[in-house]
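Taken together, the values in this text are just the output of simple stated rules run on the coordinates, not laboratory data. Note that this is a predicted model, so its numbers are computed, not measured.
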Amino acid sequence: MEKMTNQEAVSRIAGSVVVSDQPGKALRSWREKLGIKQIELARAMGLAASVLSDYESGRRSSPGVQFVRKYVECLIALDETKNRMVPKLISFDDGGAILSIGEFNKPVEASVVINAVKGKVLTGELEGVKIYGYTVLDSIRTIYALSGYDFYRIFGSTTERALVFTKVGMGRSPLVAVRVSQLKPRMIVIHGPSAIDTLALELAKKEKIVLVLSGSSSEKEIIESLTSIAMQASQSASQL
């Protein structure tokens, strides 16, 4: 990557972390996406691995802007010596696969998201489940346009999100794609079929993912409902 692109990458990644409600988890998410081991990054930053672990897990108070910047700069430097995944993750043509993506400034109860998409829970426990963002995907375009590392882009700044797949046949393909991915969403919402393939249900159970069948009338209705939740969460967070 050229110097200017490096700076752009640092700004984009660090920016997504700073605005996250859980910056520690957002940092860890980026590190995992890039396949960098915690001990490698700690060494590059001149820190003990236990200190880095405390920040990523939220056991220490939220990292400051300078810490986040150093973390991201070292992450990008390590990536340049390995897989060079950063350019693929911050700049690519999704072919129209991603219909909408958003983060919640304040965590939202899983039941709120389910109600928004007029959903029915097929498998998974809801107790204590919080959702921090959402991504609405055209499942057909996702299969054709997103592959390999591109698929990681749909997770935004956190994996604790709902992935909503539209234009779904029986629900098998989205679950297979998630099954082979290193990153797993907290919830998957299927929109389109009247019933779900038994394999999809089995995969969701194995991955401990909340699987929901949406009864919304259209993609537009889903996007508008989730966008409304994001706006409400933002307003609520700003009043704290």
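Around the amide H of Leu137, modelled in the peptide plane, lie the amide H atoms of Leu99, Val164, Phe165, Thr166, all under 5 Å away and 5 or more residues distant in sequence or on another chain.
Using the structure shown, list the pairs from Lys118/Lys184; Lys37/Lys220; Lys25/Lys208; Lys82/Lys130; Lys25/Lys120; Lys37/Lys205 with a Cα-Cα distance above 30 Å, or answer none. Beyond 30 Å between Cα atoms: Lys37/Lys220; Lys82/Lys130.
Quick one: compute a quarter of the convex hull surface over the Cα atoms of segment 98-238 and quote it in nm².
Working: hull surface 29.7 nm².
Projected area, direction-averaged: 7.4 nm².
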